[in-house]
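These notes concern the structure reproduced below.
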Amino acid sequence: MDPKHLTELPFVYQVIAGLGLFFGTFMLAIGGWLWKAIKPKLPGSIAQSMTTSTTVETPIASAQILDSKVFERLSHAIERSIQVAVDDGEDVERALDRNYKRLGDLVDEVTRGNEILVRIERNLKDRIVM
Amino acid sequence: MNSEGSFMTTLVVRYGTHFNIRLGEWLASIILATLAVLFFGAPTMFASNEQYFVGLSNFASQVQWGVILLSVGTVRIGALWVNGRKPITPYIRMALAFFSCFVWWQLAIGLFLSGVPGLGWAVIPWLLALDMYNVFRSSADAREVFDKKRASRDGPETSN
């Protein structure tokens, strides 16, 4: 039989098409569920266009930038401080020791700051992602 | 605890980022609800276009479909409006997008089986495709909620 219209399409074909659609959609649901695991294996261009929310990535990136900037400034400050101490005739060993303690305090502060950022990030994720 | 200001900011950020991403879901939900209103407003639609609605009328009457579509449309809109403030909403979006595929499919079947070309031939199959994509999207969101819930139950992640 050569149907002229879809009207003449045998019912069994309609059922097959319906089942195909059902399982196709079901597979899509499973694909979505596994998407996070599948995404890294796909070419970047596809994976990036399907990202859930780029906003979530921002606080993480900010935390990293903040870390690198803080440490960069910290290292400059220590260098300057030692230079000033040496220029003032202070003993270099003592200046280094003082700066070492100060460095420890600053690292603690950065760590605390980082923990706060992580908490903010989690909080943002909770509120933004879904 | 959120202050009112930060809550409002959060809402603005959420809708700012998510409305565009979920525009397809909003659209499909609004169309479903509008279709229901149409079914109630023109009670002879099924009778006067028997072939067009042969797929849907195999399962229920026009009024019943009106009630079903209005419920599905409004619940989907509600779930999108809640936007994840309740963790169940991605699951609701996924299930109802899945069900909507069935509705679009039955409509498409009716339209094509009627053999009379119309606007629906160009629109309904794409709405079906849109809702199939919506199933995928909301399923990915549901997984994210699931993972987050599991992580909060099992303790914080060790990474970072």
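Residues B:Ile88, A:Ile82, sorted by accessible area with the largest first, give B:Ile88, A:Ile82 [1.4 Å probe; ligands and nucleic acids excluded].
In segment B:14-55, the residues whose accessible area drops by at least 50 square angstrom when the other protein chains are added to the isolated chain are B:His18; the probe is 1.4 Å and only protein heavy atoms count. Each label was represented as a point 7 Å from its Cα along the Cα-to-Cβ direction; for A:Asn114 and B:Ile21 these points are 2.8 nm apart. Each label point was placed 7 Å from the Cα along the Cα-to-Cβ direction; for B:Ala47 and A:Val107 their separation is 8.4 nm.
Estimated at the nearest 10 Å², the accessible area of B:Met132 is 40 Å² with a 1.4 Å probe. Accessible area per residue was computed with a 1.4 Å probe on protein heavy atoms; B:Thr74 scores about 70 Å². By accessible area, using a 1.4 Å probe on protein heavy atoms only, chain B has 70% of its surface on carbon and sulfur.
Peptide A:19-27 is shielded by partner chain Cβ atoms: per residue, an average of 4 of them sit within 10 Å of its Cβ.
Candidate membrane-span-like segments in chain B, meaning DSSP H helices with Cα atoms spread over at least 18 Å of their own axis and a Kyte-Doolittle mean of 1.0 or above, are B:23-41, B:62-82, B:89-114, with no membrane implied.
Residues of A:32-41, mean number of Cβ from any other protein chain within 10 Å of their own Cβ, rounded to a whole number?
Shielding by partners across A:32-41 averages 4.
For the residues B:Leu27, A:Leu117, A:Leu74, a 1.4 Å probe over the protein chains yields an accessible-area ranking, largest first, of B:Leu27, A:Leu117, A:Leu74. Of the whole protein surface, A:Val92 contributes about 70 Å² of accessible area at a 1.4 Å probe radius.
Am I reading the B/A interface right? What is its buried accessible area, both sides, 1.4 Å probe, to the nearest 100 Å²?
Values: alone 9820 and 10900 Å², together 17540 Å².
Approximately 3200 Å² gets buried when B meets A.
Annotation note: chymotrypsin sites (Phe, Trp or Tyr not before Pro) in segment B:34-120 located in DSSP loop regions with a Cβ neighbour count of at most 14 within 10 Å are B:Phe59. When A:Asp105, A:Asp88 are compared by accessible area of protein heavy atoms, the largest-first order is A:Asp88, A:Asp105, using a 1.4 Å probe.
The values are calculated or read from the model by the stated rules, or taken from the named source; none is laboratory data. Remember, predicted model here, so these are calculated numbers, not experimental data. Quick reminder, even Gly has a Cβ in these numbers, built from the backbone with ideal geometry, and neighbours come from all protein chains shown. These area figures cover heavy atoms from the full protein model, side chains too; ligands, DNA and RNA do not enter into them. Shrake-Rupley method; radii C 1.70, N 1.55, O 1.52, S 1.80 Å.
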